[in-house]
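A.B. asks: The following block contains the structure, expressed as structure tokens.
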Amino acid sequence: MPAFPVRPVAAVLLGVGLGVAAVVVAQQEPQSVPEPKVGLAQGEGLQPLLRPNPQAARRCSARLAIRERPTPADPTNYGERRPTDAEGGRVPNQPSVIVLHETVMSLGDTLRFFQTPHPRDADQASYHLLLDRRGMAYRLVPDAKRAFGSGWSAWGDGSIRHRPLSSPLAGGSINNVALHLSLESPADGRGDDDAHSGYSRAQYERLAEHVLIWQLRWGIPMRRITTHEAVDRSHSRRDPRAFRWEKFDRAWWQAASRCGISAEGPYGLDALPQI
Ligand SMILES: [Zn+2]
């Protein structure tokens with residue numbers, strides 16, 4: 001038996017004895033159909049795409065006077081970027097995707113939550129950075145560590161499973177390669193409504209600056225900046241609600257200009273925003 005079904009036209013030609021024509025048709029058929037990829041080799045597509053430039057990140061950080069207030073999360077709420085998956089295969093573990101969130105809770109409640117020990121797996125959560133309404137940045141988890149920001153998630157087809165399939169928590173995640181940043185929600189965003197009044201100008205400005213530094217430090221192109229809603233696989237996360245990409249784009253363009261980074265270069269947008 002061939003590895004694939006013979007097409008009807010080829011079968012007819014074979015049946016009436018047109019040997020030469022039949023051979024020609026048969027030779028046009030693929031010799032084998034690749035097996036679809038399933039299982040745990042899921043880290044593909046999550047590799048870093050650009051060469052990191054930590055020198056440029058340091059220069060830009062100084063130019064923009066980037067400040068972070070150290071407010072470390074409790075160690076139960078984050079972990080290591082792991083080099084292997086559940087079956088011991090090597091997987092990407094360098095930051096290559098930036099995921100945006102909102103807190104929903106107030107700033108104080110959010111910080112308390114992350115600084116509280118959570119021995120139960122299901123309660124553990126964290127971001128790398130948090131921006132309050134004034135744009136103040138709180139550093140919760142170092143870039144080099146794995147923040148628990150989007151537990152069940154994927155970037156395109158890319159996701160990494162660190163638990164065996166037999167585990168009820170086996171769903172893949174992009175936390176191993178993600179940098180998570182959250183925006184403090186406005187007062188009218190504490191509930192479960194579809195939208196709210198949005199984020200402050202200072203938040204957009206500081207967000208763009210921190211994202212730009214991350215892009216330079218880790219080699220992350222603009223198309224790898226996304227939202228929790230876009231990468232979530234549980235169908236339960238919608239944050240950051242009321243986020244306006246055009247406001248982010250304008251703020252990014254301004255920050256990049258101050259650092260001498262071209263918006264048409266590898267870090268920038270595909271097209272310049274209208275400002
Ligand atoms: Zn989120």
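A.B. asks: Can you give me the number of residues within region 137-165 that are basic (Lys, Arg), assigned to a strand (DSSP E or B) and more than 16 Å from the ligand (Cβ to nearest atom)?
C.D. replies: Number satisfying all stated conditions: 2.
A.B. asks: Go through region 217-245 residue by residue and tally those that are part of a helix (DSSP H, G or I), away from the ligand (no atom under 13 Å from the Cβ) and closer than 18 Å to His196 by Cβ.
C.D. replies: 1
A.B. asks: Keeping to region 107-136, report how many residues are among the small types (Gly, Ala, Ser), more than 16 Å from the ligand (Cβ to nearest atom) and either modelled with pLDDT under 95 or surrounded by fewer than 18 Cβ atoms within 10 Å (Cβ to Cβ) (or both).
C.D. replies: Counting residues in region 107-136 that are among the small types (Gly, Ala, Ser), more than 16 Å from the ligand (Cβ to nearest atom) and either modelled with pLDDT under 95 or surrounded by fewer than 18 Cβ atoms within 10 Å (Cβ to Cβ) (or both) gives 1.
A.B. asks: Just to verify a result, which residue in region 250-259, among those that are without any contact (Cβ under 8 Å) to a residue 60 or more places away in the chain and out of contact with any Asp or Glu (no Cβ under 8 Å at 6 or more places or on another chain), is nearest to Leu50 (Cα to Cα)?
C.D. replies: Among those residues, the one meeting the criterion is Ala256.
A.B. asks: Do you know which residues across region 126-136 are assigned to a loop (DSSP other than H, G, I, E, B) and either under 15 Å from Ala86 (Cβ atoms) or in contact with a helix residue (DSSP H, G or I) (Cβ under 6 Å, 6 or more places away or on another chain) (or both)?
C.D. replies: Applying the first criterion (assigned to a loop (DSSP other than H, G, I, E, B)) to region 126-136 yields 126-128, 132-136.
Scanning region 126-136 gives Ser126, Asp132, Arg134, Gly135.
A.B. asks: Is there a residue in region 58-75 that is of a type outside the set (Phe, Trp, Tyr) and under 23 Å from Arg237 (Cα atoms)?
C.D. replies: For region 58-75, residues of a type outside the set (Phe, Trp, Tyr) and under 23 Å from Arg237 (Cα atoms): present.
A.B. asks: Go through region 72-106 and give me each residue that's in a strand (DSSP E or B) and within 16 Å of the ligand (Cβ to nearest atom). Explain how you work it out, then say what you get.
C.D. replies: Pass one, region 72-106, residues in a strand (DSSP E or B): 78-80, 84, 90, 97-102.
Within region 72-106, Tyr78, Val97, Ile98, Val99, Leu100, His101, Glu102 qualify.
A.B. asks: While we're on this one: Could you please tell me which pairs satisfy a Cβ distance under 9 Å, a separation of 6+ or placement on different chains, a first residue in region 204-232 that is on the phi > 0 side of the Ramachandran plot, and a second residue that is surrounded by fewer than 23 Cβ atoms within 10 Å (Cβ to Cβ) and of a type in the set (D, E, K, R)?
C.D. replies: Gly219/Arg51
A.B. asks: Applying the selection to region 166-216, what residues are in a loop (DSSP other than H, G, I, E, B), away from the ligand (no atom under 16 Å from the Cβ) and hydrophobic (A, V, I, L, M, F, W, C)?
C.D. replies: Matches in region 166-216: Leu169, Ala170.
A.B. asks: Further, regarding this structure: Starting from residues that are in contact with a helix residue (DSSP H, G or I) (Cβ under 9 Å, 6 or more places away or on another chain) and among the hydrophobic types (A, V, I, L, M, F, W, C), keep the ones in region 82-105 and report whichever is farthest from Asp188 (Cα to Cα).
C.D. replies: Val91
A.B. asks: Would you pick out the residues in region 239-249 that are charged (D, E, K, R), crowded, with 17+ Cβ neighbours inside 10 Å and either touching a residue at least 40 places away in the same chain (Cβ under 8 Å) or closer than 17 Å to Phe148 by Cα (or both)?
C.D. replies: Once the filter is applied, which keeps residues that are charged (D, E, K, R), crowded, with 17+ Cβ neighbours inside 10 Å and either touching a residue at least 40 places away in the same chain (Cβ under 8 Å) or closer than 17 Å to Phe148 by Cα (or both), region 239-249 yields Asp239, Arg241, Lys247.
The values are calculated or read from the model by the stated rules, or taken from the named source; none is laboratory data. Quick caveat, the model's predicted, so the values are computed rather than measured. Cβ coordinates were reconstructed from backbone atoms using ideal geometry, including for glycine residues, and neighbour counts include every protein chain displayed.
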